[in-house]
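Q: Let me begin by handing over the structure; questions about it come next.
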Amino acid sequence: MTHSHTVAPAGKSEFLGHPRALAFLFTTEMWERFSYYGMRSLLVLYMVNYLLKPARVDGVIGLAALRRLLEIPFGPLDVQPLASLIYGSYTGLVYLTPIFGGLLADRVLGHRRTVTIGALLMAAGHFMMAFEPLLLFALLALILGNGAFKPNMSAQVGDLYAPGDPRRDRAYSIFYVGINIGAFFSPLVCGTLGEEVGWHYGFAAAGVGMLIGLAVYLYASPMLPPDRITPITERTPLRRDERRALAALVVLFVPATLFWATYEQQGNTITLWADTQTDRTIDLLFWSGAIPTTWFQAFNPFMIFAFTPLVVGLWTHQARRRREPTTLTKMALGCFGVAAAYLVMAAAAWHAAGGKASWLWLFAYFVVLTVGELYFSPTSLSLVSKIAPLRIVSMMMGVWLATSFTGGFLAGWLGSLWSRMDQMHFFLMIAAIVGVAGVLIWLLHWPLRGVLTTARPLAQPGPVPYDFADRL
């Protein structure tokens, strides 16, 4: 490990039993996630309904070259398939660059400077989104900024506590409440501005949110532990059991990629379904109106608030009776849950029969999807933290998060099939893909059992920091 853990000074540095810096890191992360998810809720709609229309598409710098490049493997691309591929590339790359952002902070710049650079890049990217010709440059700035920001914010939370400090697990729980607050409100604010006032206002609001987060972080900077920049001076060969544990993670990389490829449809094809094929009318007797398309992106983080205590309570009850599922069983059940969510959407498409489906179908979809997510994603991160060799656990966490990188690209390709397929058949295909992932994990449970039970738990056990809305 390249970071030394320090404890915040006692006394005035304490707030509600935790270092004061935690509250500021919480707020910084909340505003960063507000900006990220606010922009993401608009991206596909912005491209399909506005920017990629014939009257404007030629003005986007570099898009013609990117289109030709994407058409080499995917063939001729109409507006919707092109938008889905751009979305998939963006959401994939934001999970690849954190590997390099972590290395940059560990060995060259330190946490503070890397986080500051990342925040500035992301703010610039959001504001650039308001200028139509700069779409690709804006996405590049956001990808690089996210890579610098994301891994180092989480690391600084841990650096506030000494090893073994029992407050650390609770601190991460507090920290990730901030993530979900930002993810919940961002579609309501940025999405509403983008849809009702103007696309550029929604993107600008995301940029303002990022600047607020940066201001909070800079104010809190003196409270943070000093950076420790430690270059690698030696390489210790891995033991046989460590190599087996890493091999197990590599094997699980494939079903994890399939999981994220299907999960990420919620910001892609599910958004298109909500926009054009959902009856979004709601009548509350005293008020009636239409639910804005982007508001559906707030369903998932809201349900995280509601369902996490229930799922954790169920696992606790099962543990008392010695019936709690193993980590791999939970991951498989998570895949089956997401498959069930897309079966709900297939039923919605069948029921609509070419017309518009009630928004309640989408509500049911998000209910089932969220439960599946809670079973898969945090438990998979816990698995990595427990079996990866301690001296490379951070790197392996980054590598595991790269399943969202490969999954994002696959999600973009799958999304490009949306306008070429019957919607019911599309949802059945997505359900089948994530169902296969669940079967693979279920079958791997037995050959990997020996590896996963004999591997030394080289990281501290307990809850793993998890970004329930994009994910860590």
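Q: Quick one: how many residues across region 171-203 are at pLDDT 80 or above and either part of a helix (DSSP H, G or I) or under 22 Å from A306 (Cα atoms) (or both)?
A: Our first condition is that a residue be at pLDDT 80 or above; within region 171-203, this holds for 181-203.
Right, trim to either part of a helix (DSSP H, G or I) or under 22 Å from A306 (Cα atoms) (or both) and you get 181-197, 199-203.
The number of residues fulfilling the criteria is 22.
Q: Separate question: Within region 320-344, track down each residue that is outside any helix (DSSP H, G or I), closer than 16 Å to S377 by Cα and either without any contact (Cβ under 8 Å) to a residue 40 or more places away in the chain or out of contact with any helix residue (DSSP H, G or I) (no Cβ under 8 Å at 6 or more places or on another chain) (or both).
A: The initial filter retains those residues of region 320-344 that are outside any helix (DSSP H, G or I), namely 321-326.
Remaining after also requiring closer than 16 Å to S377 by Cα: 325-326.
Scanning region 320-344 gives a single hit, P325.
Q: On to the next question. State which residue is nearest to the chain's Cα centre (by Cα) when the search covers only region 87-143 and only residues that are outside any helix (DSSP H, G or I) and hydrophobic (A, V, I, L, M, F, W, C). Spell out the reasoning first.
A: As a first pass, look at region 87-143 and keep what is outside any helix (DSSP H, G or I): 94-96, 110, 129-131.
From what's left, hydrophobic (A, V, I, L, M, F, W, C): 94, 96, 129-131.
Numbers: V94: 9, L96: 12, M129: 20, A130: 23, F131: 26 Å.
The qualifying residue nearest to the chain's Cα centre (by Cα) is V94.
Q: Being in contact with a helix residue (DSSP H, G or I) (Cβ under 7 Å, 6 or more places away or on another chain), at pLDDT 95 or above and open to solvent by 40 Å² or more (accessible area, probe 1.4 Å) is the filter here, so list the residues in region 416-432 that pass it. Spell out how you get there, then give the answer.
A: Initially, region 416-432 is screened for residues in contact with a helix residue (DSSP H, G or I) (Cβ under 7 Å, 6 or more places away or on another chain), giving 416-419, 423-424, 426-428, 430-431.
Checking which are at pLDDT 95 or above leaves us with 424, 426-428, 430-431.
M424, L428, listed by residue number.
Q: Identify the residue in region 152-170 that is outside any helix (DSSP H, G or I) and touching a strand residue (DSSP E or B) at 6+ places or on another chain (Cβ under 9 Å) and, among all such residues, is modelled with the lowest pLDDT. Lay out the reasoning, then the answer.
A: Start the filter on region 152-170 by keeping residues that are outside any helix (DSSP H, G or I), which leaves 160-166.
With touching a strand residue (DSSP E or B) at 6+ places or on another chain (Cβ under 9 Å) added as a condition, the list becomes 160-161.
Values: L160: 79, Y161: 75.
Ranking the candidates gives Y161 first.
Q: Could you please find all residues in region 139-153 being under 11 Å from V115 (Cβ atoms) and in contact (Cβ under 8 Å) with a residue 40 or more places away in the chain? Don't jump to the end; show me each part of the working.
A: Narrowing region 139-153 to residues under 11 Å from V115 (Cβ atoms): 145, 148-153.
Across region 139-153, the qualifying residues are A148, F149, K150, P151, N152, M153.
Q: Now for a different question. Considering only residues that are under 20 Å from I430 (Cα atoms) and open to solvent by 70 Å² or more (accessible area, probe 1.4 Å), which ones fall in region 258-305?
A: Within region 258-305, the first condition is being under 20 Å from I430 (Cα atoms), and the residues that meet it are 258-278, 296-297, 300.
Correct list: T276 only.
Q: For residues that are assigned to a helix (DSSP H, G or I) and in contact with an Asp or Glu (Cβ under 7 Å, 6 or more places away or on another chain), scanning just region 264-319, find the one that is farthest from G407 (Cα to Cα). Full working, then the answer.
A: Going through region 264-319, the residues assigned to a helix (DSSP H, G or I) turn out to be 264-267, 269-276, 293-319.
Adding the requirement that they be in contact with an Asp or Glu (Cβ under 7 Å, 6 or more places away or on another chain) leaves 293-294, 315, 318.
Values: T293: 24, T294: 22, W315: 28, Q318: 32 Å.
By that ranking, first place goes to Q318.
Q: Scan region 18-43 residue by residue and report those that are buried (at least 24 other Cβ atoms within 10 Å of the Cβ) and β-branched (V, I, T).
A: Selection gives T28 alone.
Q: When you go through V344, V338 one by one, which is the residue that is under 30 Å from W400 (Cβ atoms) and surrounded by fewer than 22 Cβ atoms within 10 Å (Cβ to Cβ)?
A: Result: V344 is the single residue among V344, V338 that is under 30 Å from W400 (Cβ atoms) and surrounded by fewer than 22 Cβ atoms within 10 Å (Cβ to Cβ).
A quick yes/no check of all residues on (1) surrounded by 14 or more Cβ atoms within 10 Å (Cβ to Cβ); (2) at pLDDT 95 or above:
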site: P309; (1), (2): no, no
site: G313; (1), (2): no, no
site: H317; (1), (2): no, no
site: R323; (1), (2): no, no
site: G355; (1), (2): no, no
site: S358; (1), (2): yes, no
site: V368; (1), (2): yes, yes
site: Y375; (1), (2): yes, no
site: T379; (1), (2): yes, no
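Q: Return the pair list, or none, for Cβ contacts closer than 8 Å from residues in region 411-437 that are among the acidic types (D, E) to residues that are in a helix (DSSP H, G or I), at least 6 apart or on different chains.
A: What qualifies is D422/A349.
Q: Go through G408, G435, G450 for me and flag whichever is farther than 28 Å from Q277 by Cα and modelled with pLDDT of 60 or more. Let's see the steps before the verdict.
A: Numbers: G408 fails: farther than 28 Å from Q277 by Cα; G435 fails: farther than 28 Å from Q277 by Cα.
Answer to the selection: G450.
Q: Which of the residues belonging to region 217-229 are surrounded by 12 or more Cβ atoms within 10 Å (Cβ to Cβ) and either touching an Asp or Glu at 6+ places or on another chain (Cβ under 8 Å) or at pLDDT 80 or above (or both)?
A: Just the residues of region 217-229 that are surrounded by 12 or more Cβ atoms within 10 Å (Cβ to Cβ), to begin with: 217-221, 223-225, 227-229.
Once the filter is applied, which keeps residues that are surrounded by 12 or more Cβ atoms within 10 Å (Cβ to Cβ) and either touching an Asp or Glu at 6+ places or on another chain (Cβ under 8 Å) or at pLDDT 80 or above (or both), region 217-229 yields Y217, L218, Y219, A220, S221, M223, L224, P225, I229.
The values are calculated or read from the model by the stated rules, or taken from the named source; none is laboratory data. This one's a predicted model, so the numbers in the text were calculated from it and none came from an experiment. Using ideal geometry, Cβ is built from the backbone for each residue, glycine included, and neighbour counts are taken over all protein chains shown. Ligands, DNA and RNA are stripped out before the accessible areas are found, and what is left, the full protein with its side chains, is counted by its heavy atoms. Shrake-Rupley method; radii C 1.70, N 1.55, O 1.52, S 1.80 Å.
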